[in-house]
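A.B. asks: Got a structure for you, questions after.
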Amino acid sequence: MALFSALAATIVFLALLVNLFLYLVVRKWRENRRQAEIRALKKRFHLPLFRHVLGEEEELPLPSSPLEREAMMELLDHFASLLKGEQVQERIRTLAEKHFQGWLRRWLSSRDWSGVSQDFVENIFSVHYGRCQSLVSEPFSGIHIVSAFGLSSLILRR
């Protein structure tokens, strides 16, 4: 009887491990596919967004999906770290405020941060580098994002 229960426990444990492994494989596959889509979108938006940030083009394709929005935010973050100049930084800030601030407010207050990469979360406030220079040298926390976007009403919300 003891042998039977040990065998049953082993089978249950193995089934649990196999299910966990399959779940992780599927999750990794989906994340890799999502990242590949974001890379393709970043390639598509790179030149138009770059020209818009430099002031060469006024027309900018607006993001129509969450993936496009994330790709554009990552590109803005990249441009903000590479391009120096008051006018360029101001255009980046204006673009972020105009097209992404509402989404960021909803996202920050939703408590569902699971679908967003850690790098994206850590760098999201750098688009507003000019507003929060004192925060850059400090370790990252959610309060940095909230402060960068002037969302103090969300800081201690539970």
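The values are calculated or read from the model by the stated rules, or taken from the named source; none is laboratory data. Owing to the predicted nature of the structure, the values given are computational and were not obtained by experimental measurement. Cβ sites come from the backbone with ideal geometry, for glycine too, and all protein chains shown count toward neighbours.
A.B. asks: What about L60, is it surrounded by 12 or more Cβ atoms within 10 Å (Cβ to Cβ) and assigned to a helix (DSSP H, G or I)? It would help to see each step written out before you state the result.
C.D. replies: Values: surrounded by 12 or more Cβ atoms within 10 Å (Cβ to Cβ): yes; assigned to a helix (DSSP H, G or I): no.
Criteria not met by L60.
A.B. asks: Could you identify the single residue in L24, L60 that is within 26 Å of W107 (Cα to Cα) and touching a helix residue (DSSP H, G or I) at 6+ places or on another chain (Cβ under 6 Å)?
C.D. replies: Values: L24 fails: touching a helix residue (DSSP H, G or I) at 6+ places or on another chain (Cβ under 6 Å).
After applying the criteria, what remains is L60.
Every residue, every condition in (1) modelled with pLDDT of 50 or more; (2) under 19 Å from E37 (Cβ atoms), yes or no:
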| position | (1), (2) |
| --- | --- |
| P63 | yes, yes |
| P66 | yes, yes |
| G85 | yes, no |
| K98 | yes, no |
| L104 | yes, no |
| S109 | yes, no |
| E138 | no, no |
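A.B. asks: Ok, one more. One residue is enough: does the stretch 42-52 have a residue meeting the conditions part of a helix (DSSP H, G or I), at pLDDT 80 or above and either touching a Phe, Trp or Tyr at 6+ places or on another chain (Cβ under 6 Å) or at positive phi (or both)?
C.D. replies: If we filter the stretch 42-52 for residues that are part of a helix (DSSP H, G or I), which is where we start, we get 42-52.
So of that shortlist, the ones also at pLDDT 80 or above come out as 42-52.
After this cut, where a residue has to be either touching a Phe, Trp or Tyr at 6+ places or on another chain (Cβ under 6 Å) or at positive phi (or both) as well, the list is none.
No: the stretch 42-52 contains no residue that is part of a helix (DSSP H, G or I), at pLDDT 80 or above and either touching a Phe, Trp or Tyr at 6+ places or on another chain (Cβ under 6 Å) or at positive phi (or both).
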